[in-house]
Amino acid sequence: MKLVSLLSGRGFVMYNKELAHKVSVNGAIIFGQLCSSYESFGSKEMLTIRDGKEYFFLTAETLEEETALTYKQQKWG
């Protein structure tokens, strides 16, 4: 893989440092990915709406693909 491809904007997950200090780095990474996925699902009109609330889901496998956090790291993060 080329260095430029590795460092492109698509390869990053944003997370909040304050949240990481309060919960954990892994927890903050997961939250950041969920926020990003929520935005993505919303822009593609893929959110499920029930009782006026918006929903979506990500599997542990998808979270691992997106964050490199294993299921165990996600669970205990």
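Tabulated values for the structure
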item: Members of the stretch 63-77 that are within 20 Å of F12 (Cβ to Cβ) and either part of a loop (DSSP other than H, G, I, E, B) or free of Cβ contacts under 8 Å to residues at least 24 places away in the same chain (or both); result: E64, E65, A68, L69, T70, G77
item: Residue list for the stretch 14-35, restricted to those being farther than 18 Å from K75 by Cβ and either exposed (fewer than 14 other Cβ atoms within 10 Å of the Cβ) or in contact (Cβ under 8 Å) with a residue 40 or more places away in the chain (or both); result: M14, K17, E18, H21, K22
item: Complete set of residues in the stretch 48-62 that are more than 13 Å from the chain's Cα centre (by Cα) and in a loop (DSSP other than H, G, I, E, B); result: D51, G52
item: Residue ranges of helices (runs of 4 or more DSSP H) in the stretch 1-47 with at least 1 members at pLDDT 90 or above and within 19 Å of T70 (Cα to Cα); result: 17-22, 25-43
item: Close pairs from the stretch 39-59: first without any contact (Cβ under 8 Å) to a residue 40 or more places away in the chain, partner in a loop (DSSP other than H, G, I, E, B) and among the aliphatic types (A, V, I, L, M), Cβ under 7 Å, at least 6 apart; result: F41/L47; E54/L47; Y55/L47; F56/M46; F56/L47
item: Hits in the stretch 39-77 (condition: over 19 Å from A20 (Cβ atoms), of a type outside the set (D, E) and surrounded by 11 or more Cβ atoms within 10 Å (Cβ to Cβ)); result: S40, F41, G42, L47, Y55, F56, L58, A60, T62, Y71
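The values are calculated or read from the model by the stated rules, or taken from the named source; none is laboratory data. Only a predicted model underlies this, so the values are computations on that prediction, with no experimental measurement involved. Every residue, glycine as well, gets a Cβ built from its backbone with ideal geometry; the counts of neighbours run over all protein chains shown.
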